[in-house]
Structures are given as structure tokens and as C-alpha cells.
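The values are calculated or read from the model by the stated rules, or taken from the named source; none is laboratory data. All values reported here derive from a predicted model rather than from experimental measurement. All Cβ positions, glycine included, derive from the backbone under ideal geometry; neighbour counts span all protein chains shown. When the accessible area is computed, the model is the full protein with side chains, heavy atoms only, and any ligands, DNA or RNA have been set aside. Shrake-Rupley method; radii C 1.70, N 1.55, O 1.52, S 1.80 Å.
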Amino acid sequence: MSVMVFDIETVPDIEAGRVLYELEGLNDEDAARSMFAVRQQQTGRNFLAHPLHRVVAISAVWES
């Protein structure tokens with residue numbers, strides 16, 4: 001049996017969040033906190049919408 005493990009690591013896209021939520025003037029940490037708070041209010045979850053993620057790593061392992 002073969003197995004493939006695939007992983008994508010992301011971080012919040014602070015620049016996109018600043019534009020979308022009009023957070024200009026906030027430092028990165030405060031902007032990120034605001035993004036998560038808005039998402040929590042909108043959906044009851046704090047996982048950001050996919051367009052607000054910046055991909056920083058993609059990896060895969062194949063075992064055959």
C-alpha cells in the first residue's frame with residue numbers, strides 16, 4: 001500500500017486583512033487580532049477565510 005502525506009502551512013495575510021477590514025495604522029499583531037475577532041463574530045470560528053491566508057510552505061511525503 002502506498003501513502004502520501006501532503007501539508008500546506010499558512011500565516012495570516014496581514015496586508016490583505018488591512019485592506020479588507022480597513023485596518024491601516026495598526027501594527028501587524030493588532031491587525032491580526034482584529035482579523036481573527038472579525039472572523040469570530042462573523043462565523044463563530046476564528047479560522048480565517050482562505051483568501052486571508054498566505055502560503056509559506058508546501059510539503060509532501062510519498063511512501064510506497
Might you tell me the accessible area per residue for the chain, computed with a 1.4 Å probe and given in Å²? 77 Å²
Going by amide H atoms built from the backbone, whose H comes under 5 Å of the H on His53, apart from near neighbours? Asp13
Of Arg54, Arg18, which has the most accessible area and how do the rest follow, probe 1.4 Å? Arg54, Arg18
Percent relative contact order of the chain, based on C-alpha pairs within less than 8 angstrom and at least six residues apart? 58 percent
Mind sorting out which of (1) 5.0; (2) 4.1; (3) 5.4 is the real mean projected area of the Cα convex hull in nm² computed from the coordinates? (3)
GluC sites (Glu not before Pro) within region 3-42: which are DSSP loop residues with at most 14 other Cβ atoms inside 10 Å? Glu22, Glu24
Principal-axis tilt of helix 28-43 within the chain, Cα atoms, nearest 10 degrees: 80 degrees
